[in-house]
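The structure appears right after this line, and notes come after that.
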Amino acid sequence: MGYALGIDLGTTYTAAAVSDGSHAEVITLGDRSPQAPSVIYQGIDGTFRCGESAERRATTEPERIAREFKRRMGDQTPIFVGGTPLSAHACAKALLSWTIEQVVNGQGEEPDRVIVTCPANWGPYRRELMSQVTALNADYPITVCTEPEAAALHFASTRRVAEGQSIAVYDLGGGTFDAAVLRRGPGGSFEVLGAPDGVEQLGGVDFDEAVFERVSRSIEADGLDPDDPETLLGLAQLRRSCTEAKEALSSETETIVPITLGGQTTRVRLTRAEFNELIGPLIGDTLDVLDRVIRRSGVATDELAAIVLVGGSSRVPLISERITQRFGRPAVLSPQPKLCVAMGAALLGASLDAGSAGSSTEAPARPSEPVIQTAAMAPTPTAAPAPAASVPSPAAAVTPSVAPTTPAPAPTAAPAPTSAESSVPAVPVAAPVTPTPSPVPPAAVTPPPPEAPAPAAASGAAPPAARSRGGVPVYRLISAVCAVGAILLMLFGATADKSGMTWNDDFKVSAAGLPKDAALTPTIFGISLMRPPEPIKAKAFDLHSRSVFLAGPTRAEITSAAGPREVVLSAAERWSPRRWLSIPFGALALTALFSIAYMESILRPIRRRRIRAKSGDVIGLIGSGIALGIAGVLATWVIGDRLPQVPTALGIIVLVCAAVGLLAFVWPPRERPSPTR
């Protein structure tokens, strides 16, 4: 019986699993663990060794080693391995070829299908490079799907996820972080909601580096020779010890890191609290991304069935603690966080094979690939329904990120293997790395099907435009009236007082007609800008020292022996450039930009996904409206060159706040059809 092969090409480790349709089984690639290090070694003869065989040569021939090249996908700077420039996707292709060879040798036959995973946040360019990685000279199709989708499929095979429920995937691997929200669809399929996101340069290797820097403070570097082979060997061993210490702190409260360098041996104690302090900012970055992905998905946090932790680095206890604190949802660690992506990919491949076997074809001219739909695609008329499989997560509508690669010879195919141990064929050398699309026969190209009709229309419900009779436009009307009222107050609510004194471009106010003992004290919001008052100098008051506060009409008091006198100061030249170089104008610009950006971050998922606004969204919009109202008062003063009274200023703030707050109810929520079984 045939099998499907799932491969997770990770930044630091590579895992593989096979599935016959009933369950997924992990294939051991290493001598000490099921995974193999994502490391390649190029020998003098040009052949490659991968995995632990390459890792053993890292200390003696580091110049012939390449690792963490997944982070370099899309970077046109070549990786020099033994003096030979290689592109990152060429290194990945060598690792993929070796992994398939190891599985085939162990299983005794080739797979029916291979599924390779990639990060969900990769764009079209790197996904095209990934299609080149999978363009092997093989008799079986190789398909690419995203890592969160594979992880969700494996999670659904071990835990019950009801139809219509949504889960968030927090995938923190060795070198990258991914986050996505997926919903369980009919028949066990999963649909990606919104746009996945991630951090390309954040993972377990960054945790290792933080521990290494902390431990390195105990090393006396003065007596170390960086060119000494013993020193290099000791540093390599220290890095391995730091990685083991990081993993130990996932289950223990403290650990000891041994250091053997320069003929001296010492030990450094590291506690979990110290480790949490080191990685806290990095974890905070991942939580910000996860929060952004959940907002984009249109699913409320309290509607998530669980937040699934995937990847070896997600076992750090601090991650589950902070996720629960921030989102209030259970953080569920995947049963096998290091291997679940490969196992989910294998289950996906078995489901695709089951659907392909169940479809009816009449003497096709060539083997045809099943149509694989993305989350935005609707079922095409020619797609045959997949039969019910024993695996609880068939993937008839799961979203592969890249179209399947047709089993056609690539133009630069690698030669046949020359070693049965761990060597793979030499990969063609890539000078400047430029993506060259692999030729695909026309029969394998699947044009995107037409978009599916909106759920509301399919279920017979009225579209949002027809449903707008139920009072929802009232909010839109009131919001518009409040906005117009605020604009009218800004234009006509404050009168420009030009009967007072003016300052010129040098911020000097003429003192003509005033007694010689007169002194001037400008004020803003009742706060005096000059202590003591400015006396007359050369027949003028010099306000240059307070020019950063003079952006619009300002009240002032002239004191003399004859008594005090209230005046209004204003700029002689309204559009003078020096007026804009002031603190009030800077406050106006920053307040307006911040409030608009924050308002848009709240309204975007409401507007695009037509979800109902939560109480937190309304409170956030009210706060944004208050800030935007303050910006309106500042604009009246600075740009309008008017001095608003307190009632006018309060009226502007209240009206703007009301106009912005009511935007939460302008877009009616879209009714979702009830799931059909």
For the pair residue 581 and residue 110, the simple spin-label estimate (label points 7 Å beyond Cα toward Cβ) gives in nm 7.3
Any trypsin sites (Lys or Arg not before Pro) in segment 168-224 that lie in a DSSP loop and have at most 14 other Cβ atoms within 10 Å would be 217
Counting all Cα-Cα pairs in segment 75-139, those more than 20 Å apart amount in percent to 38
For residue 338, the aspartates and glutamates lying under 16 Å Cα to Cα, once residues fewer than eight places off in the same chain are dropped, come out as 8, 25, 147, 149, 171, 178, 244, 247
Here the relative contact order (percent) of segment 496-578, from C-alpha pairs under 8 Å and at least 6 apart, is 38
For the residue 58, residue 321 Cβ pair and Förster radius 56 Å, calculated FRET efficiency rounded to 0.05 is 0.95
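Taking the beta-carbon count within 10 Å as an exposure proxy, list 502, 117 from fewest neighbours to most. The partial results should precede the final answer.
Details: 502 15, 117 28.
Lowest to highest Cβ neighbour count: 502, 117.
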Quick calc: nm separation of the 7 Å Cα→Cβ label points for residue 265 and residue 33 -> 2.5
Partner aspartates and glutamates whose C-alpha sits under 14 Å from that of residue 537, ignoring same-chain residues fewer than 8 away, are 506, 517
Under the 7 Å Cα-to-Cβ spin-label approximation, residue 23 and residue 560 lie apart by a distance in nanometres of 10.0
From fewest to most C-beta neighbours within 10 Å, the residues 539, 93, 246 line up as 539, 246, 93
Ordered by fewest other Cβ atoms within 10 Å, a rough proxy for footprinting exposure, 352, 581, 202 read 581, 202, 352
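Computed from the coordinates by the stated procedures, all read-outs in this text should not be read as laboratory data. Worth saying up front: this structure is predicted, and the values here are computed from it rather than measured. Positions of Cβ are backbone-derived with ideal geometry, glycine not excepted, and every protein chain shown enters the neighbour counts.
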